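Report on the structure given below.
FYI, it's all coordinate maths here, none of it is from the lab. Since the structure is predicted, the reported quantities are computational estimates derived from the model, not experimental observations. Note that we place each Cβ from the backbone using ideal geometry, even for glycine, and neighbour counts take in every protein chain shown.
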Amino acid sequence: MHALKMPTRMAMELCILGSGSTGNATILRASTGTIMLDAGLGPRVTAKRLQNTGTRVDDVKAVVLTHLDSDHFSCNWVNTFVAAGVQVYVHASRVNHLHHITSDCGENTSKFAALIRPFVDTFEPLPRVTFSPLAFTHDQYGSHGFVIEHGDRKIGFATDLGRVPPYLVERFTGVDILAIESNYDPHMQVNSGRPRFLTDRIMGGYGHLSNNEAMTAVKAVFDRCEKSLRRLPSHVVLLHRSRDCNCPNLLREFFSKDPRIAPRLTLAEHTTPTGWLSPSPREPVKGEQMSLMFG
C-alpha cells in the first residue's frame, strides 16, 4: 500500500484590524509575504493598530479589495501605495470606478492606476497565495468574498453579502478559518428608528446579513464538514457588526448555542484588532484516512 502524500505545510494567519461601518481592514500573513484585505482604515490608523503585531504597513506587498464602499477603500492610501509600489487587486467590473474615485490625487493618479490589477477568476497576489472570488449581491454593484489558499491552509472570507449564495457553503467547507458577516439583529433593526428605506435596503437581500442568516450559513458549513469527514474550522470570525442594531453579548450568546461553534468564536471589533488567528495543528479526523485512501 502506498503512503498517502501529504500537502506542503505553509503558515497562514490573519488579524482583523477593524470591521464595521467605521472602516474595514484585515492583514493576512503568509510564508511568502503580507497582504491587506480591504483598506478602509487610513494609513495612520492602520499603523497604530499594527503596533505589537510584529507587522508594519511597510510589510504589505499587495492589497485585495472586496468592493469600493468608502469603509472598505480609503483614497488616503494612494500616495502610500504608489511610494511602495503596492499592487491593488479589484474585480474587473470595478476598475473604472476605482479610477474615478482616485482621479484627483494629483501626479500620483496615473502612477496609482498602473498598480491596479483586475481579477475575474482565481488570482495570486503573492507567490503561492491564491484568492478564488465569490460574487455577492451587495448594493448596486455587488461585492466579493474569497477562498484563500496557501499550501494546505484555507481561509473563507465573506463580508457585505446581501444574502448567502447557494455555493458559499460548499466553497467554505474545509476552511481552517471561517470569517463571515453577522451585521444585525432583526428585532433591533426593525425597532431602530432608522428610515424605512434604510432598513429595507439592509434587510432586503442586497444589504447585509442578519445574525440568523450568518448562523444558518455557519451551521451548514459545519454540518457539511462532518458529513464529508472534513475538519471543522479552527476559528469562526463574525465580521461587520452594526453598532446600532447588534450587540456583542447577544451575538456571542446566539452563536454559542451550537457547542461546535462556541469554543471557536471570535467577534471582530470596530476599533480593536483581533490578534493573530492561526489554524490549529492539523490532526486527522475520524475516518479521514480511510476516506482519502478509498476516495
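Short-range pairs are left out: with C-alpha atoms under 8 Å and at least six residues apart, the relative contact order of the chain is 18 percent.
Taking the chain as a Gaussian network of alpha-carbon nodes connected by springs under 10 Å, the highest mean-square fluctuation of the residues Y184, Y141, Y206 belongs to Y141. Annotation: aspartates and glutamates with alpha-carbon distance below 13 angstrom to K154 (same-chain offsets under eight excluded): E13, D176. So which trypsin sites (Lys or Arg not before Pro) in region 165-266 pass both tests, a DSSP loop state and at most 12 other Cβ atoms within 10 Å of the Cβ? Answer by residue number: R243, K257.
Look at where the Cα atoms of region 162-224 and of region 98-160 average out, and the two centres are 21 Å apart. Estimated purely from DSSP H runs of n ≥ 4, each contributing -39500 (n - 2.57), the mean residue ellipticity at 222 nm for the chain is -7000 deg cm²/dmol once divided by its residues. Evaluated with a Cβ-only charge set (Lys, Arg +1; Asp, Glu -1), region 177-249 carries a dipole of roughly 140 debye about its Cα centre, given to the nearest 20. Residues I261, I177, ranked from the fewest to the most other C-beta atoms within 10 Å, line up as I261, I177.
Phi-derived couplings, Karplus 6.51 cos²θ - 1.76 cosθ + 1.60 at θ = phi - 60°, listed residue by residue for region 154-161: 8, 10, x, 10, 8, 9, 6, 8 Hz, with x used for Gly and Pro.
Evaluated with a Cβ-only charge set (Lys, Arg +1; Asp, Glu -1), region 71-191 carries a dipole of roughly 260 debye about its Cα centre, given to the nearest 20. Across region 178-187, computed HN-Hα scalar couplings (Karplus, 6.51 cos²θ - 1.76 cosθ + 1.60, θ = phi - 60°) run 10, 10, 9, 5, 9, 7, 9, 8, x, 5 Hz from first to last residue, x flagging Gly and Pro.
Taking amide H as placed 1.01 Å from N in the peptide plane, the amide H of G20 sits under 5 Å from that of H240, each at least 5 places away or on another chain.
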